[in-house]
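Reading through the structure tokens given below for one structure.
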Amino acid sequence: MEYQAYPSVGRDHYFSVMKPQDEYLHAPPPSARYDYTETNMFGFNIPHAGIDCLIYFWHHAVLKTTTGGIMCWQGTKTHAMECECFDYRNYMPLPADTMDATYPCGVSVKMEKPMEAFHVTYHNDALDNHLDLDLTAVMPPACRYNGGHLTQAMKTTGELILRGKRYPIDGFHSRDHSWGEHRTEQLQDIPPLSWLVGVVDETFAFHCLAFDSRRRHPEWNGLYAGIDDTTNVLWGYVRDRGETVGVVAAEQFTHRGANGVTPVGIELLLTASNGKRYAIRGTTAAMTPLNPWPNMNCHFVLMKWEHDGRVGWGDVQEVMYGEAFRRLIRR
């Protein structure tokens, strides 16, 4: 795949240029604090079996440690400990090369070609959980306008053995990579924030990082100053038949379960920078909660997406801090 830098559209700059060396661990600048962060995320799904998988590493270059691991679940869970495959660790040594590394949790990551191809394996003989996964790009990486963060639709192939049962992997996923950020764990009083992706096939994929539209939430009146229907989108893109364009607006509404917290579906209307609008509806197919750090809950969701008569699949990671959780939870 030929490397492509996305141009700005109109007066706004939606994408920045990524270089192949940005795949590798970046040295922290002298001014970096302890919470200077670099991340790598891979995964896959097997929709017909209700299986979703997240492989995530959160590198702390100043502290010289790595947090993360693998979680693979089937169906809907009420706690991460219910996952059929779960090994997520707070403290592991920082690898010298994050693109050719084997972690104490048993995951190995090997980049075969920058921005295009990756190989991930995992083995746990005691639980008979094994993974052999190839990820191959179906689009160039889309890097955020401010640099330092990409999302990219990938073709996934390989094999999963989950508790002794074999499953072929043949689908799509979206990888995520960030660098050069200070990622604080401090409390934030914000509404639930959705990181969502979906891939139908090689011709259509999308990503959006957004809050729900305020007009659908009258109960938010007087809360969350500065977040309205013109500022609820942090970033996003649509990949449509070979063209990648920025997301300028998102009408988003999350349907929740009886407890008031768990996402069971999403209504989404994306407006792209070229004026096209994309109506997309999501239904939860599998889910597990996790506290990636103690001050924040995240629901990891395998979402079935429907758009223009076609079906795709992808993840929703919904971040919820304590105050929002307390306001939403029903007992």
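State the cysteines of the chain left without a partner when partners are defined as other cysteines whose beta carbon lies under 4.7 Å away.
Lone cysteines by the Cβ rule: CYS83, CYS105, CYS143, CYS208, CYS298.
By how many nm would the segment from LEU234 to TRP293 lengthen if fully extended, with 0.36 nm per residue of separation less the alpha-carbon distance?
Working it through step by step, the gained length comes to 19.1 nm.
State the extension gain, in nm to one decimal, for the chain segment bounded by HIS123 and THR203, taking 0.36 nm per residue of separation less the distance between their alpha-carbons.
25.5 nm
How compact is segment 122-180 by the rule of thumb for globular proteins, expressed as Cα Rg over 2.2 N^0.38 Å?
In units of the globular-protein estimate, segment 122-180 measures up at 1.44.
Considering only DSSP states other than H, G, I, E and B, which trypsin sites (Lys or Arg not before Pro) in segment 62-100 qualify as loop sites with at most 10 other Cβ atoms within 10 Å?
Taking segment 62-100 and a limit of 10 other Cβ atoms within 10 Å, the loop trypsin sites (Lys or Arg not before Pro) found are LYS64.
Divide by every residue of the chain the summed helix terms, -39500 (n - 2.57) for each DSSP H run of at least 4, and state the resulting mean residue ellipticity at 222 nm, rounded to the nearest 500 deg cm²/dmol. Please list the in-between numbers first.
Numbers: 1 runs with 7 residues, N = 331.
Mean residue ellipticity at 222 nm (helix-derived): -500 deg cm²/dmol.
Magnitude of the Cβ-charge dipole of segment 186-331, K/R +1 and D/E -1, about the Cα centre, nearest 20 debye?
Dipole size: approximately 360 debye.
Test of the criteria: in segment 147-196, which chymotrypsin sites (Phe, Trp or Tyr not before Pro) are in a DSSP loop and have at most 12 other Cβ atoms within 10 angstrom of their Cβ?
Listed in order of number, the matching sites amount to none.
Restricting to Cα pairs below 8 Å that are 6+ residues apart, what does the relative contact order work out to for the chain? Please round to a whole percent.
Over the chain, the number comes to 15 percent.
Seen from all sides and averaged, what is the projected area of the convex hull of the Cα atoms in segment 188-331, in nm²? Numbers along the way, then the final one.
Details: hull surface 34.7 nm².
Mean shadow area of the hull around the Cα atoms is 8.7 nm².
Report the longest stretch of the chain that contains none of the GluC sites (Glu not before Pro) sitting in a DSSP loop with at most 11 other Cβ atoms within 10 Å.
Result, exposed sites excluded: 3-184.
GNM on the chain, C-alpha springs below 10 Å: top fluctuator among GLY226, GLY75, GLY106?
Result: GLY226 has the largest fluctuation of those listed.
Quick one: among GLY164, GLY312, GLY198, which has the greatest mean-square fluctuation in a GNM of the chain with alpha-carbon springs under 10 angstrom?
Highest fluctuation among the options: GLY164.
Estimate the FRET efficiency between TYR34 and ALA258 by the formula 1/(1 + (r/R0)^6), using the beta-carbon distance for r and 56 Å for R0, to the nearest 0.05. Don't skip to the end; give the middle numbers.
Numbers: r = 40 Å, r/R0 = 0.72.
For R0 = 56 Å, the calculated efficiency reads 0.90.
Do you know the relative contact order of segment 36-183, to the nearest whole percent, from alpha carbon pairs under 8 angstrom that are 6+ apart?
22
Convert each backbone phi in segment 193-201 into a coupling constant with the Karplus relation 6.51 cos²θ - 1.76 cosθ + 1.60 (shift: θ = phi - 60°), then list the ³J(HN,Hα) values in order as whole Hz, x for Gly and Pro.
So the J values, rounded to whole Hz, are 10, 9, 9, 9, 9, x, 9, 8, 6.
Could you derive backbone 3J(HN,Hα) for segment 238-246 from the dihedral phi with the Karplus parameters 6.51, -1.76 and 1.60 (θ = phi - 60°), listing whole Hz in sequence and x where the residue is Gly or Pro?
10, 9, 10, 6, x, 10, 10, 10, x
From the Cα gyration tensor of segment 58-202, with a ≥ b ≥ c the square roots of its eigenvalues, which class applies: rounded if a/c is under 1.5, or else prolate if a/b is larger than b/c, or else oblate?
Verdict is rounded for segment 58-202.
Chymotrypsin sites (Phe, Trp or Tyr not before Pro), restricted to segment 34-96: which are DSSP loop and have at most 14 other Cβ atoms within 10 Å?
Taking segment 34-96 and a limit of 14 other Cβ atoms within 10 Å, the loop chymotrypsin sites (Phe, Trp or Tyr not before Pro) found are TYR34.
So how strong a dipole does the chain carry about its Cα centre when Lys and Arg Cβ are +1 and Asp and Glu Cβ are -1, to the nearest 20 debye?
Approximately 760 debye in magnitude.
Evaluate E = 1/(1 + (r/R0)^6) for LYS276 and GLN21, where r is the Cβ-Cβ distance and R0 equals 35 Å; express this FRET efficiency to the nearest 0.05.
Taking R0 as 35 Å, the efficiency between LYS276 and GLN21 is 0.55.
Once amide H atoms are placed 1.01 Å from N in the peptide plane, what residues at a sequence separation of 5 or more from LYS77, or on another chain, have their amide H within under 5 Å of its amide H?
MET287, THR288
Every number here is computed from the coordinates shown, using simple stated rules; none is lab data. Please read all numbers here as calculations on a predicted model, not as lab measurements. Positions of Cβ are generated from backbone atoms using ideal geometry, with glycine treated the same way; all protein chains shown enter the neighbour counts.
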